[in-house]
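For reference, the structure is listed below as structure tokens.
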Amino acid sequence: MAVLILGLVLFLGIHSVRIVADDWRGRQIALRGEGRWKGIYTVVSLIGFALIVWGFGQARLQPVVLWQPLPAGVRHLASLLTLVAFVLLAAAYVPRNGIKARVHHPMILGVKTWALAHLLANHTLADLLLFGSFLVWAVFSFRSARARDRAQGTRYPAGTAAATAVTVVAGVAAWAAFAFWAHGAWIGVRPFG
């Protein structure tokens, strides 16, 4: 469990700099240069991510059950929430879509939705640590991003129907590929049996 926790501290810690120390981040970029800052950010993120994957895999070998699995209906709700999360993730990358125009930070909302879905569907200590940490981070990250937008007067371009349709189709396709194949192949758990 210690490896998982260390990975979460590194990964979510570096991703929290804008939440807790945005001025310090700005000084580091000015001092070191944007390229070097991004390099440090990337290395710490990758190390943290690798430790999360390894630590979570190890924790799954000896699960500490916290509660009984929830009814099948809740697992279906979790599947629906992950579908929404994939559409939100796609919205972060498709230019001029209506979802991004409306929510402004769809990737963070996608992480929040993904984490909530997995908390509903799972019931071990490792699940609570992993998905609970991401959920808490996403809540604070979204609030921070919205506050920065207000302070800077950020305006998001209006979305188009075509871009929004592409976003939804891309999100649904990515969700289907992950839910029906990649989740089982990469994680060892098949959401749809």
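No value in this document is a laboratory result; all are computed from the given coordinates. Since this is a predicted model, take the numbers as computed values, not measurements. A quick note on method: Cβ atoms are made from the backbone with ideal geometry, for glycine too, and the neighbour counts reach across all protein chains shown.
Dipole magnitude for the chain: computed about the Cα centre from +1 point charges on Lys and Arg Cβ and -1 point charges on Asp and Glu Cβ, it is near 520 debye. Dividing the Cα radius of gyration of the chain by its Kirkwood radius returns 0.99 for Rg/Rh.
Across the stretch 45-54, computed HN-Hα scalar couplings (Karplus, 6.51 cos²θ - 1.76 cosθ + 1.60, θ = phi - 60°) run 4, 5, 4, x, 4, 4, 5, 4, 4, 5 Hz from first to last residue, x flagging Gly and Pro. Scaled against 2.2 N^0.38 Å for its residue count N, the alpha carbon radius of gyration of the stretch 68-119 is 1.26. Counted by Cβ distance under 13 Å from Q28, the other residues give a net charge of +3, where Lys and Arg count +1 and Asp and Glu count -1. Scanning residues 5 or more positions from T124 or on other chains, those with amide H under 5 Å from its amide H are L66, with H placed 1.01 Å from N in the peptide plane. Per-residue ellipticity at 222 nm from helix content only, as computed over the chain with -39500 (n - 2.57) for each DSSP H run of at least four residues, stands at -24500 deg cm²/dmol.
Which residues does the label zone of W67 cover in the stretch 92-124, counting backbone N under 14 Å from a point 7 Å along Cα→Cβ? Under 14 Å, as judged by backbone N against the label point of W67, lie 116-124 of the stretch 92-124.
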